[in-house]
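As structure tokens, the structure follows; a few thoughts come after it.
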Amino acid sequence: CGGLISNSSGMLQSPFYPGSYPNNADCLWEIQAENNFRVMLTFRDIMMQSGRCQYDYVEVYDGPPHSSLLLGRLCSGSFPTYISSSNMMTIRFHSDSRYTFRGFQAHYSSIPADHNTTLLCLPDYMHAVVSRDYLQSQGYSAQMVTLNDNHCTPTITSREVVFNIPYNGCGTIREENNDTINYSNMIKVTSSGYIIKRKKNIHLHISCKMLQNTWMQIMYVAEDTIDVNKNQFGRYDMNITFYDSSSFLRQVHDSPYYIDLNQNLYLQACLHSSDPNLILFVDTCVASPDPHDFNTLAYDIIKNGCVRDSSYATYYSPYSHFARFKFNAFEFISRHTLVYLQCELVVCRLGDYSSRCYRGCINRAKRDTSPVEDQVNVVVGPLQLREGGAQSSNTG
């Protein structure tokens, strides 16, 4: 019931379809295609409690559910097709506690967007590309393309004009409001002629916007020309690394990482972003012998910011993009060949003391996640108990 989907095509259906769906279900699927592709969703069957779709229904959103346009709500009748304006679409299935039917089935697939202009919001910069064929079709040359800050020049290839625009330079503007952090800039295509101009200038407005758990990327053409809308969604680039001591100077590259019982394990979580005004917080870390299942047999080290293992401790970090902590290897590992660790990391605005990153231990039932935060799960391991005098070995 719900989850993040990154396959290029497949089927979505209500729980137990074609049998009757359960009461009080609330499923949320986020379909994320590759950059510069769109998501197409076609309903093939739908049978729920009809009427005004107040009780049992399916909702389709053009992007993340909390900040995107609702494309449609349906519960019976026709089988429509929806196409996203970006590489992300969200589908929500909801049922109440009364009647139940067979539900819905839909097919999703990725379709290419136009390739005149493309935009990627990478960890350290915006990667914007303008096709030279597109410029030529509009009567422009590659030499007419500049950034708003003309000191930052593009790379011109035989087919493309490429800009790598940092989030904290080249005239990039950073704006904040209650639920987003927006980085924006502008690429200009200026026609020649100082007194008489036969063609309008083209302005390519580009922006990377941080929402609840996504990067939203937008590129569009203004000034009465052909509109090209580019909406892309991506997720933060994070990792967790083991270190051999509390000085956090030498990484552990061994895999598996051979350890002794009660040995101190030092870990550093890292957020890769050029924006210095973000902070990283370790919300949850769970150990399991199965890297794909952290529910059936698991051991909580920290949960919702609440320490569950007495050996857990945090360390000072010189940068807000790092979070350092440690715990001891425990008896759990002596009963299983390999152990993996899954941690949920949260990103917030630096200095936003109302955000999750500054609130510490909270009850999940009372949790009110701000739309400014981004949660990412990272799995590391495996850890393996050292037997006898076995030495650590680097197996890749």
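The values are calculated or read from the model by the stated rules, or taken from the named source; none is laboratory data. Everything numeric in this text was worked out from a predicted model, so none of it was measured. Every residue, glycine as well, gets a Cβ built from its backbone with ideal geometry; the counts of neighbours run over all protein chains shown. Keep in mind that these areas ignore ligands, DNA and RNA; they rest on the heavy atoms of the full protein, side chains included. Shrake-Rupley method; radii C 1.70, N 1.55, O 1.52, S 1.80 Å.
The accessible area of His94, taken with all protein chains in place and a 1.4 Å probe, comes to roughly 50 Å².
Remark: the range 25-98 carries 43 Å² of accessible area per residue (probe radius 1.4 Å; ligands, DNA and RNA excluded). Distant-in-sequence amide contacts of Gln49, defined by a placed amide H-H separation under 5 Å and a gap of 5 or more residues or a different chain, comprise Asp56. The amide H of Phe101, built 1.01 Å from its N in the peptide plane, has Tyr21 as neighbours under 5 Å, considering only residues 5 or more places off or on other chains.
Counting every pair of alpha carbons in the range 2-112, the share spaced more than 20 Å apart comes to 34 percent.
Give the peptides 297-303, 259-265 in descending order of average Cβ contacts within 10 Å, highest first.
Ranking, from highest mean packing down: 297-303, 259-265.
Measuring from centroid to centroid over Cα atoms, what is the spacing of the range 1-31 and the range 98-171 in Å? After rounding, the separation between the Cα centres reads 31 Å. Taking amide H positions as modeled 1.01 Å from N, with prolines and chain starts lacking one, no residue 5 or more places away or on another chain lies under 5 Å from Ser85.
Histogrammed with a bin width of 5 Å, the alpha carbon distances of the range 41-84 distribute as 5, 23, 28, 23, 16, 4 percent, first bin at zero.
Distance between the modelled labels on Asp293 and Arg159, one decimal in nanometres: 4.6 nm (7 Å Cα→Cβ projection). Round to a whole number: what % of the accessible area of the range 2-112 belongs to carbon and sulfur, probe 1.4 Å? Carbon with sulfur: 49 percent of the solvent-accessible area. Of the peptides 141-150, 24-33, 83-92, the ranking by mean beta-carbon count within 10 Å, highest at the top, reads 83-92, 24-33, 141-150.
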